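Have a look at the structure below, then the notes.
Only the coordinates and a few stated rules stand behind these numbers; no lab work does. Just so you know, these numbers come straight off a predicted model, no measurement behind them. Every residue, glycine among them, receives a Cβ derived from its backbone with ideal geometry; neighbour counts consider all protein chains shown.
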Amino acid sequence: MFLGVRFVCAHCHDHPFEQWTNKQYFELSAFFAQVGVKEGTRNLEKVVYDKNDGEIVFPKTGRTASPHFPYGQPLSASTAEGRRQLLAEWLTSKNNPYFGKAIVNRVWSYFFARGIIDPVDDIRSSNPPVNPEL
């Protein structure tokens with residue numbers, strides 16, 4: 001799940017009823033391909049860090065997936081900022097149509113025990129709001 005959207009179906013194939021594709025799944029995954037995890041100095045501590053390399057490969061084609069925002073422009077391969085930093089900036093930008101809907105739906109569910117779209121983690125075109133006026 002990502003931003004209230006259940007993406008897991010697109011891991012293996014294009015979603016049969018929604019707009020998400022297998023290609024988009026791996027392009028979004030590519031933002032995390034250069035993330036490493038290592039043991040910390042304390043017991044059970046993990047350190048997450050940015051690596052200089054690492055790519056995601058489409059299993060069906062063997063081609064490298066470039067980081068790409070859903071329905072947006074691909075990133076430049078020569079970007080100086082880390083991929084996760086660019087993704088974090090996009091997540092909260094006005095160019096991301098998913099963040100606002102997901103956070104409002106989740107906060108609404110905390111106050112009213114039910115999201116505007118319910119379940120709260122299933123935002124999709126075939127799951128309409130329980131109150132369309134909202």
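Counting lysine pairs in the chain whose alpha carbons fall under 27 angstrom apart, excluding pairs fewer than 8 residues apart on the same chain, gives 7. The translational diffusion coefficient of the chain, from Stokes-Einstein at 4 °C and 1.567 mPa s with a Kirkwood hydrodynamic radius over alpha carbon pairs, comes to 77 µm²/s.
Calculate, for VAL130 and PHE99, the FRET efficiency according to 1/(1 + (r/R0)^6) with r their C-beta to C-beta distance and R0 22 Å; round to the nearest 0.05.
0.60
The chain: longest stretch without exposed GluC sites (Glu not before Pro) (DSSP loop, at most 13 other Cβ within 10 Å), sites themselves excluded? The segment 82-132 is the longest one with no such site.
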